[in-house]
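Written out below as structure tokens is the structure these notes cover.
The values are calculated or read from the model by the stated rules, or taken from the named source; none is laboratory data. These figures come from a predicted structure and were not determined experimentally. So basically every Cβ, Gly included, is an ideal-geometry build from the backbone, and we count neighbours across all protein chains shown. Quick note on the areas: whole protein, heavy atoms, side chains included, nothing else; ligands and nucleic acids left out. Shrake-Rupley method; radii C 1.70, N 1.55, O 1.52, S 1.80 Å.
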Amino acid sequence: MRSSLIRDSKGFTLIEIMVVIIILGILAMYVAPKLMGRPEEAKQVRARMDIAALETSLKLYKLDSGIYPGTEQGLLALVQRPEAGVIPKKWRQGGYLEKGKVPKDPWGNDYVYLSPGLKGDFDIISYGADGVPGGENENKDINNWDTE
């Protein structure tokens, strides 16, 4: 009975495993260059994610203090209690950003923050790769009113 269990056990043969590895290798050869060849698009996606996270942090700030930080206080108010402008009565110890610092955009520039904003209660803008307003492709501005 024991020998019949050994013969009936199912498993993959070495050939089957090698075929799967070869197929995965072929797929990787075609897919990887397409994903790796789009660093600018990846930076734009990261900027949108950063802006969404900053929006959430600003909303938490407003829940605690009743107002958004002013333009002069900037996004720094999310990590340090403001000492100028309208000082919040309640400010969360440790700040509102997880890493304790305001992120830079993927191109190494500061995010532009305006409150009140031109398009809403506040505006958050990354000017893209060139760091100046306007532009197309990798230089395109990314802002909180155009992101989903």
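Brief remarks follow.
- For the listed residue pairs Lys62/Lys99; Lys62/Lys101; Lys119/Lys140; Lys99/Lys140; Lys104/Lys140, the alpha carbons are over 22 angstrom apart in Lys99/Lys140.
- When shorter helices are ignored and each DSSP H run of at least 4 residues is given -39500 (n - 2.57), the per-residue value for the chain at 222 nm works out to -13000 deg cm²/dmol.
- Rolling a 1.4 Å probe over the heavy atoms of the protein chains gives the chain an accessible area of 72 Å² per residue.
- Sulfur and carbon atoms: percent of accessible area, the chain [1.4 Å]: 60
- Share of pairwise Cα separations in the chain, more than 18 Å, in percent: 67
- If R0 equals 30 Å, the separation of the Cβ atoms of Val79 and Asp146 corresponds to a calculated FRET efficiency of about 0.75.
- Helix 39-65 and the longest principal axis of the Cα set of the chain meet at an angle near 50°.
- Listed residues Ile125, Ile26, Ile67 arranged by accessible area, highest first, probe 1.4 Å: Ile26, Ile67, Ile125
- Stretch gain in nm, segment Val45-Val20, where the contour uses 0.36 nm per residue and the Cα spacing is subtracted: 5.7 nm
- Net +/- balance of residues flanking Val112 in space, Cβ distance below 11 Å, scoring K and R +1, D and E -1: -4
- Structure remark: mean-square fluctuation, Gaussian network model of the chain, C-alpha springs under 10 Å; the largest value among Met18, Met29, Met49 belongs to Met18.
- Computed E for Asn139/Ala28 - FRET, C-beta separation, R0 30 angstrom, nearest 0.05: 0.40
- Of Met18, Ser126, Gly85, farthest towards positive along the dipole that unit charges on Lys, Arg, Asp, Glu beta carbons give the chain: Met18
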